[in-house]
Amino acid sequence: MKISLNWVKQFTDIDVTTDELVKLATERLGGIEGVTDLAKQYDGIVVAKVVSCEKHPNADKLSLCKVDDGGAVKDVERDENGFVQVVCGAPNVREGLLVAWIPPRAIVPASYGEKELFVLEARDLRGQLSNGMLASPRELGINDDHEGILEITEDIQPGLPFKNLYDLDDTILEIENKMFTHRPDGFGHLGVAREIAGIQHKAFTSPSWYQKMENGKWKMENGGNNNLSVDNQIPDLCPRYMAVVLDNLKIAPSPIWLQSYLKRVGIRPINNVVDITNYMMALTAQPLHAFDFDKVAKNGKAEIVIRKPRDGEKMILLDGKEITPHKDAVLICNPDSPIALGGVMGGGNSEVDENTTRVVLECATFDMYNIRKTSMIHGIFTDAVTRFTKGQPKARLAPVITEAISMFEELVGAKQAGSVIDIADETNDIRHKTGGFIEIEAKFINDRLGSKFTSEEIVTLLNNVEIKAHIASGPIEVRTPFWRTDLEIKEDIVEEIGRLYGFNQLPKVLPLRNIKPVAPEPLRALKSEIRHSLARAGANEVLSYSFVHGNLLKKAEQDPKRAFALRNALSPDLEYYRLSILPSLLDKVYTNVRSGIDEFVLFEIGKSHVRYPDDELDRLPDEYNQLEMVYTSTKSKKGAPYYQMLKYVDTLLSDLGIEYRIEKPEDTSFKTQSEMPFDMSRSARIFYKNYEDGGLIGVVGELEQSVINAFKLPEYSAAALFALDGPSFYPENRINNVYIPLSKYESSKQDITLKVASDITFADLRSLFESELTESGYNWDLMSLGIYQKESESTKNISFRITLGSNERTLVTDEVTKLIDSLSWQAHEELGAEKI
């Protein structure tokens with residue numbers, strides 16, 4: 001974005017050099033990409049008067065002119081009257097005309113930026129000496145007109161440096177667009193002038209017209225008038241739309257001063273109507289658009305409809321490009337067809353041309369995200385898009401359209417035909433919102449900046465940029481203006497103070513902080529413990545993408561419809577947000593087996609989620625922290641893989657101090673999405689021991705045969721998963737693994753085997769023994785020796801080895817026998833067990 005400092009100086013003084021200003025702006029505003037000394041491009045060019053104009057004796061289309069420059073240019077050949085001879089080929093050259101004369105040794109301004117500069121010299125043209133040239137607007141870099149020389153209509157004396165005539169003794173700053181990404185006001189000279197005043201610690205006052213939310217010149221109407229009506233069918237995408245009809249227009253070039261200001265900031269002058277709308281945009285950052293009234297009206301009335309496209313609808317834009325607007329685009333239409341792609345570009349069927357005598361002047365604001373989407377889909381990037389995608393405030397529309405009407409009246413001779421139509425969506429904001437309200441204390445700011453600002457200094461810095469602040473009975477009350485949509489919370493005010501004062505000027509002293517160690521974050525500490533425990537047990541941690549291919553979910557028997565799909569996935573392999581970690585782990589098994597690793601455990605700690613059905617779309621998805629593991633072996637082993645996985649589960653939970661119990665699922669057909677890969681008939685759910693109802697920790701078990709086949713896993717594979725967000729992992733529910741001194745007395749060991757019915761589980765018997773041993777008061781250890789069951793038998797034998805001891809004495813045989821008999825009797829009473 002290009003900024004003219006002369007334009008800025010119309011609103012605020014600049015008391016520093018250009019270099020100092022660039023340094024200040026870089027420190028307190030953002031990046032300055034370039035500085036152009038525009039005045040240098042017009043060095044040597046003067047205003048001259050054509051005192052005589054005769055036909056060239058040797059050329060039909062050339063004129064032999066004598067010009068009076070008041071003697072301003074030195075070292076040039078003159079006649080006895082002090083006049084300079086110049087040969088000119090322009091059809092509009094004539095005696096008495098004031099022109100821009102580029103003398104010898106001067107550079108043609110339009111050649112700046114090209115490979116070589118065009119330096120003029122005195123030269124012979126068809127036998128006559130020509131000292132330089134009389135310049136056209138294009139050669140002067142003012143517009144693209146090369147049909148004739150520039151005609152200067154101002155009443156001035158010859159010899160005036162041309163750059164002084166139209167404020168061309170200017171400096172242009174090229175500013176990074178991204179430095180004002182969150183500042184819609186920064187895309188206009190008025191907003192930049194305010195910021196330049198602020199960083200110089202000067203008070204800025206906006207023009208009076210900019211501060212008026214209403215104006216006596218126009219009457220606000222919500223529906224329409226005799227020659228114009230507006231129907232806004234999509235107020236969510238077009239929150240406010242203002243329009244007015246202007247009559248009595250005569251299309252012509254704009255005044256040279258206006259064209260020169262547009263050209264120097266990168267906007268091509270077109271005609272007086274279009275130039276005024278572009279001038280107001282460059283000044284205020286609010287785009288406007290003018291429609292040819294007679295092209296959009298029927299029977300003397302223009303009916304504007306703001307809507308979305310119809311199926312298959314096409315339109316031709318101002319640049320001649322035909323598009324089919326995407327389904328959510330904003331279209332400005334008459335009853336027959338679109339006349340503009342809202343917020344992006346006007347339509348070719350409503351373009352202002354040399355025959356236009358009436359226009360509909362539009363001033364509107366659109367949803368910034370919708371405009372960005374439309375621009376990206378259609379590949380259209382205009383000055384209007386640049387500004388609308390920053391979120392232009394609705395409150396700016398009234399003063400901007402009012403000032404634009406005044407410019408049309410002054411420069412074009414237009415007359416307002418009817419009242420201004422104002423359609424505003426009042427459901428999400430008032431029509432003329434004046435900004436927000438924030439209360440803040442000086443201490444809050446100083447604590448964060450390391451500064452010592454007084455309340456008065458803070459108020460002054462804010463008021464300098466028209467952020468209304470005053471010291472109330474308590475905190476500082478800040479009323480943010482409508483154009484500062486980025487100021488919402490107290491921290492925004494802190495940043496604003498630091499920026500305006502200069503972050504580089506703040507004290508370079510580290511703030512005092514308490515050196516007391518910060519308590520570890522529980523979940524982070526838990527994950528660290530898990531990693532250390534499993535690593536000691538020989539497991540290997542992996543880290544995989546949270547996004548997976550849909551086929552991976554299907555292999556794991558999971559439903560892709562229950563997962564969130566990315567609209568703009570980088571590749572099909574990263575299309576779905578995974579429902580659990582296990583599919584990613586299973587996908588890594590085959591690769592490792594092929595690499596010759598015959599037995600291993602993989603685990604990963606990450607997040608999973610649950611997407612609710614379509615009838616619950618208003619419900620946010622649940623996201624979980626999970627640990628998932630997979631064990632596999634290509635070697636033949638005794639026993640089921642379930643027990644190999646259970647060994648790792650037991651090691652982990654014991655290290656974490658979590659007491660647990662294992663239960664066989666009552667309904668093996670019911671599975672959550674995370675459990676889908678498991679064969680629940682060969683799996684068990686793990687519960688927190690002290691929870692009667694609930695307390696589910698996770699699942700351990702073997703995999704469905706279809707999953708094993710799909711992932712090409714060895715048959716000897718098992719898996720486990722844990723939800724780390726459950727209460728069983730809370731520190732207060734875990735047993736502290738404290739050191740217990742070994743008894744100096746010898747312990748006693750005794751084996752016991754009980755016959756139980758086949759429907760009695762190992763966990764039932766073990767739980768009973770653990771309860772009784774805990775109540776005995778002895779030191780004890782219970783180790784399972786095995787489970788034996790003959791085929792077709794309705795009973796099975798379960799064997800344990802019980803170790804008993806005491807810290808006070810050596811136990812005698814009778815004590816041990818008595819306790820063992822008590823355990824046998826209790827097992828018989830509760831479980832029908834018989835001692836063998």
Which angle between 0 and 90 degrees, to the nearest 10, do you get for helix 490-501 versus the longest principal axis of the chain when only C-alpha atoms count? 40 degrees
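Quick check: from the Cα gyration tensor, does region 139-297 come out rounded (a/c under 1.5), prolate or oblate?
On the way: a/c = 2.03, a/b = 1.27, b/c = 1.61.
Cα axes put region 139-297 in the oblate bin.
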Return the Cα extents of region 391-515 along principal axes one, two and three, sorted largest first, each rounded to a whole Å. 71, 34, 28
Label W825 and N797 with points 7 Å out from Cα along Cα→Cβ: what is the distance between them in nm? 2.5 nm
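Is there a quick way to get the dipole size of the chain? I mean about its Cα centre, with the Cβ of Lys and Arg at +1 and of Asp and Glu at -1; what is the value in debye to the nearest 20?
Working: 97 positive and 126 negative charges, 172 e Å.
Computed charge dipole of the chain: roughly 820 debye.
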In Å, what Rg and Dmax follow from the Cα atoms of region 318-389? 12.3, 36
Among 185-192, 491-498, how do they line up by average Cβ neighbours within 10 Å per residue, starting with the highest? 185-192, 491-498
Once region 681-820 is represented by equal point scatterers at the alpha-carbon sites, with solvent omitted, what log10 I(q)/I(0) does the Debye formula produce at q = 0.16, 0.22 Å⁻¹? -1.12, -1.29
Burial-style ranking of 55-61, 761-767, 541-547, average other-beta-carbon count within 10 Å with highest first, yields 761-767, 541-547, 55-61
How much FRET efficiency would the formula 1/(1 + (r/R0)^6) give for S758 and R513, where r is the Cβ-Cβ distance and R0 is 60 Å, rounded to 0.05? 0.40
Mind pulling the angle between the C-alpha long axis of helix 455-464 and the longest principal axis of the chain? Nearest 10 degrees, somewhere in 0 to 90. 50 degrees
Counting each pair of different Cα atoms once, what's the Kirkwood radius of region 1-63 in Å, rounded to one decimal? 16.0 Å
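For region 582-654, which semi-axes, largest first and in whole Å, follow from the square roots of 5 times the eigenvalues of its Cα gyration tensor? Can you show the working numbers first?
Details: eigenvalues 204, 50, 23 Å².
Gyration-tensor ellipsoid for region 582-654: 32, 16, 11 Å.
Would you mind counting up the charge near H146? Only other residues with Cβ under 13 Å from its Cβ, with Lys and Arg at +1 and Asp and Glu at -1. Walk me through the numbers on the way to the answer.
Working: positive: R138; negative: E139, D144, D145, E147.
For residues surrounding H146, the net value is -3.
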Lysine pairs in region 727-836 with Cα atoms under 27 Å, if 8 or more residues apart or on separate chains: 12
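Hey, any idea what the orientation-averaged projected area of the convex hull of the chain's Cα atoms comes to, in nm²?
Seen from a random direction, the Cα hull of the chain projects 55.3 nm² on average.
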Can you give the accessible area per residue of region 418-527, in Å², using a 1.4 Å probe? 59 Å²
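Roughly what % of Cα-Cα distances in region 246-327 sit above 14 Å, to the whole percent?
On the way: 2435 of 3321 pairs.
Value for region 246-327 (Cα pairs over 14 Å): 73 percent.
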Can you return the lysines within cross-link range of K394? Criterion is Cα-Cα under 23 Å, with same-chain partners fewer than 8 residues away left out. K178, K212, K217, K219, K308, K373, K433, K468
Principal-axis tilt of helix 272-284 within the chain, Cα atoms, nearest 10 degrees: 50 degrees
Scan around L125 for amide H atoms under 5 Å from its own, H built in the peptide plane at 1.01 Å from N, and keep only partners 5 or more places away or cross-chain. S130
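What's the local net charge at A297, with K and R +1, D and E -1, over the other residues with C-beta under 10 Å away? Please list the in-between numbers first.
On the way: positive: K295, K298, K301, R358; negative: D292, D294, E303.
Once positives and negatives cancel, what remains is +1.
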Using the Cβ atoms and a cut-off under 11 Å, what net charge is assigned to the surroundings of A340, where Lys and Arg are +1 and Asp and Glu are -1? -2
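Return the inverse of the average 1/r over all pairs of distinct C-alpha atoms in region 501-655, which is the Kirkwood hydrodynamic radius, in Å to one decimal. Intermediate results must be reported in sequence, preceding the final value.
Numbers: mean 1/r = 0.0528 Å⁻¹.
For region 501-655, inverting the mean 1/r across all distinct Cα pairs yields 18.9 Å.
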Roughly how many nanometres apart are two label points built 7 Å out from the Cα toward the Cβ at K452 and Q233? 6.6 nm
Subtract the Cα-Cα distance of E666 and T357 from 0.36 nm times their separation in residues, and report this length gain in nm to one decimal. 102.8 nm
Using only C-alpha atoms and all pairs of different ones, pull out the Kirkwood radius for region 224-270 in Å with one decimal. 14.3 Å
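Hey, with R₀ at 56 Å, roughly what FRET efficiency would N807 and R619 work out to, going by the Cβ-Cβ distance, to 0.05? All intermediate terms of the calculation are to be shown ahead of the outcome.
Details: r = 56 Å, r/R0 = 1.00.
After rounding, the FRET efficiency stands at 0.50.
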Going by a ≥ b ≥ c, the root eigenvalues of the Cα gyration tensor, does region 452-506 fall in the rounded group (a/c under 1.5), the prolate group (a/b larger than b/c) or the oblate group? oblate
Apply the a/c threshold of 1.5 to the C-alpha gyration tensor of region 636-685 and tell me whether it is rounded, prolate or oblate. oblate
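Mind ordering 141-147, 9-15 by average Cβ neighbours within 10 Å, highest first? Walk me through the numbers before you get to the answer.
Working: 141-147: 16.7, 9-15: 15.0.
Final packing ranking: 141-147, 9-15.
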Residue span Y643 to A122: 0.36 nm per residue of separation minus Cα-Cα distance leaves a gain in nm of 177.4 nm
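How high is the FRET efficiency between V76 and D37 when r is their beta carbon distance and R₀ equals 22 Å, given to the nearest 0.05?
On the way: r = 25 Å, r/R0 = 1.13.
Efficiency at R0 = 22 Å is approximately 0.35.
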Just subtract the alpha-carbon distance of M376 and K178 from 0.36 nm times their residue separation and send over the number in nm, one decimal. 69.6 nm
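The values are calculated or read from the model by the stated rules, or taken from the named source; none is laboratory data. Please read these numbers as outputs of a predicted model, since none were measured by experiment. No Cβ is skipped: glycine too gets one built from the backbone with ideal geometry, and neighbour counts run over all protein chains shown. Only protein heavy atoms, including side chains, enter the accessible area calculation; ligands, DNA and RNA are left aside. Shrake-Rupley method; radii C 1.70, N 1.55, O 1.52, S 1.80 Å.
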